[in-house]
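Below you'll find the structure, written out as structure tokens, and then a few comments.
The values are calculated or read from the model by the stated rules, or taken from the named source; none is laboratory data. None of these values were measured; they are calculated from a predicted model. Neighbour counts run over all protein chains shown; Cβ positions are idealised from the backbone, glycine included. With ligands, DNA and RNA removed, areas are computed over all heavy atoms of the protein, side chains included. Shrake-Rupley method; radii C 1.70, N 1.55, O 1.52, S 1.80 Å.
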Amino acid sequence: MTVSSKPASKSFGWSALFNRPAKPYVHPYLGGLILGLVLFLALFLTGNGLGSSGATSRLVTFVQDQIDPAHVDRTPYLLKMAGGDKNPLDDWLVPVFFGALLGGFTSGLIGGRVKLETTKGPHVSDRTRWLLAFLGGVLFLYGARMARGCTSGQALTGGAVLSAGSWTVMLAIFGGAYALAYFVRKLWN
Amino acid sequence: MNFPLLAFQNVSAQNPWTYLVFGLIGFAFGFVLEMSGFGNSRKLAAQFYFKDLTVLKVMFTAVITAMTLLFLAVGLGILDYSQVWVNPTYLWPGILGGLIMGVGFIIGGFCPTTSLASASTGKIDGMFFMLGGFVGAFLFGETERFFTYWHNNVSYYGRVTLMDVFGLPAGVIVLMVVLMALFMFWGAEQLERIIGKKDMSHEPRWRLYGAGGIIALALVVLFLGTPTTEAKYRKVTIPRTVTELQADGTVKEIQVRYAAEEALQKRLVQISPAELFKARYDQKLKLTMIDVRSEAQYNLFHLRGALNLPLETLKTHIPELLATAAPNAVYVVMSNDETLATEAWRLLVAEGVPNVYLLEGGLNAWIAFFGANDPQIQPLVGAPAGELHFTFPAALGDRYPAADPDPIEYEHLEFEPKIQLQIKRDKSGGGCG
């Protein structure tokens, strides 16, 4: 470590920024209250709530549209987002997506929780965890596109605006997870 | 000022500051998720083993906070609920998609937005989840064509709220949801104590005051009720693009917003029989004709394809109209003259039904124009106002030629076009999807 010879730079160096003791998370009800205020403001000002799975879909479609625009124009689902000269990124979900990435990073930085690591149960290897996280992501987004929204767009936003369909989706998400939880308990406990 | 703001309904490079606003909303969203611990998959997964119910607490606190404030704003008349995105109900795709999401949740340990908070704070599993998410979204886009009918048409119910399902006013539903959530929080704390072996004796007292506060707010919502039709009507404005001759001789298009009553007085929403006739064949419009007279009068004569929704019962059909409103939907209300149709117009406009017009001169004007050559229909002299000014040999409904005039015979008609489509929201793009 050659850096140690310059103690002055250490307090402002990257390692000082990232390797601070992690602060505890906020109380769940307080976190929920703030999240509720953000959601209310979004609905009140724009009429749209919060979401992110739609942006994932739009980013993928954007790439597909660059590679093979004719294929996009032949596929009904993609056509809606990127048909003809439509830009799939012209949607409120896209800035929300990037904002959320930046917001998560900022909060982690303040709380001393930015750290290259793998969060997992005690009895699984990193590799298994990565593989399952990947698989889970594939399934979750597949289901989210089918249900037209994920936990944010359906359960949270749709729940708050009292959409009947969203409450059904919310119950199905938790139902699916609870039904399977017992069989994969070794992953997490 | 009426909320939500129209300025935010189109996000595009033309108005870059909308990116900023939604970017800030996203920033706050990611920030609060991370600080609640949702960057950690183990904390999320603990929810499903009843050890740490943070997910449930955060999510339902957010839902009841946003919901109560939202309906408070609706009750105070500053927020137009019909302009708030309510996720349309696609029942079976929602249920199956939800179950698949549940499986992804317990295997992957995240949901899409929490994986963003996780990946951005350096969690490798969060990054893998995000990566998998892109693959999943890609796979869905490529496979949707095999079940596109099921996905888009089967079990589609449109904009259905819990109020519609239970037939209860919003205030009652809000209070019930709040009470249910608080009961779940109590249950969650018991579970954490018993199964999670957590010491719950040091939980802060303010959470009890918070619970009291949200119940009090929900009671205010219940007490306020929803604004009356009259109150909503006074706030409605109708946007119109008008051409204006400038001082330098050029013509410029400008957007003008008229109060609803003013639009009526200026006759901006009364369309001539000729325009209605043409609109019936306009592929760009999804026209719904609403005949608001009594059933007996409807049976005597009505336009082919017109729905009979008598004025007295029209209000009960409004949720249905809102639920199934396509972006290019146009509604034309009609009665014998304009009196009943104007009343119906006021009601529909006040309740937020988009693109409503009324038939100028009513069915009398229609018949005078399209039925002039029909020997079966004879003018009735001295008919009172509000009645048909014609006699019919029998109640043949729409089987008179004038009920469905020949499009070739009347191909060339002159009229002053008044229909201007106001597309409020792109249905395929809203609400996380």
In segment B:26-72, what residues are farther than 20 Å from A:Leu171 by Cβ and of a type in the set (D, E, K, R)? B:Glu34, B:Arg42, B:Lys43, B:Lys51, B:Asp52
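Considering only segment B:143-150, I want to know if a residue exists there that is of a type in the set (A, V, I, L, M, F, W, C), touching a residue at least 40 places away in the same chain (Cβ under 8 Å), open to solvent by less than 50 Å² (accessible area, probe 1.4 Å) and more than 7 Å from every other protein chain (Cβ to nearest Cβ).
Start the filter on segment B:143-150 by keeping residues that are of a type in the set (A, V, I, L, M, F, W, C), which leaves B:146-147, B:150.
Imposing the further condition that a residue be touching a residue at least 40 places away in the same chain (Cβ under 8 Å) reduces the set to B:150.
Among the residues that remain, those that are also open to solvent by less than 50 Å² (accessible area, probe 1.4 Å) are: none.
No; the residues of segment B:143-150 include none that is of a type in the set (A, V, I, L, M, F, W, C), touching a residue at least 40 places away in the same chain (Cβ under 8 Å), open to solvent by less than 50 Å² (accessible area, probe 1.4 Å) and more than 7 Å from every other protein chain (Cβ to nearest Cβ).
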Log entry, pairs with first residue in segment B:395-418 being farther than 23 Å from B:Gln378 by Cα, second being surrounded by 14 or more Cβ atoms within 10 Å (Cβ to Cβ) and of a type in the set (Lys, Arg), beta carbons closer than 8 Å, six or more apart or on different chains, reads B:Leu413/B:Lys278; B:Phe415/B:Lys278
Could you tell me whether any residue of segment B:214-223 is free of Cβ contacts under 8 Å to residues at least 12 places away in the same chain, in a helix (DSSP H, G or I) and within 30 Å of the chain's Cα centre (by Cα)? yes
Would you check which residues across segment A:112-125 are open to solvent by less than 70 Å² (accessible area, probe 1.4 Å) and more than 7 Å from every other protein chain (Cβ to nearest Cβ) and list them? A:Gly112, A:Val124, A:Ser125
Scanning segment B:6-57 for residues that are hydroxyl-bearing (Ser, Thr, Tyr) and under 20 Å from B:Gly104 (Cβ atoms), the one surrounded by the most Cβ atoms within 10 Å (Cβ to Cβ) turns out to be B:Ser41
For B:Ser428, work out the one condition from (1) modelled with pLDDT of 85 or more; (2) farther than 29 Å from B:Glu230 by Cα; (3) touching a Lys or Arg at 6+ places or on another chain (Cβ under 7 Å) it doesn't fulfil. (1)
Looking across segment B:71-106 at residues that are of a type in the set (Gly, Ala, Ser) and open to solvent by less than 10 Å² (accessible area, probe 1.4 Å), the single one that is farthest from the other protein chains (Cβ to nearest Cβ) is B:Ala73
Every pair of residues 6+ apart whose Cβ atoms lie under 6 Å, when the first sits in segment B:105-121 and is in contact (Cβ under 8 Å) with a residue 40 or more places away in the chain while the second is charged (D, E, K, R): B:Ala117/B:Glu34; B:Thr121/A:Arg113
Would you tally the residues in segment B:121-174 being assigned to a loop (DSSP other than H, G, I, E, B), in contact with a Phe, Trp or Tyr (Cβ under 8 Å, 6 or more places away or on another chain) and not small (Gly, Ala, Ser)? 2
Among helices (runs of 4 or more DSSP H) lying entirely in segment B:277-372, which contain 2 or more residues that are over 30 Å from B:Val165 (Cβ atoms)? B:295-300, B:339-350, B:362-370
With respect to A:Leu109, is the statement that it is more than 7 Å from chain B (Cβ to nearest Cβ), in contact (Cβ under 8 Å) with a residue 12 or more places away in the chain and of a type outside the set (Gly, Ala, Ser) true? yes
Count - residues of segment A:47-81 that are over 16 Å from A:Gly99 (Cα atoms), in contact (Cβ under 8 Å) with a residue 24 or more places away in the chain and either open to solvent by less than 10 Å² (accessible area, probe 1.4 Å) or not assigned by TED's automatic domain parsing to the domain that holds A:Ala100 (or both): 2
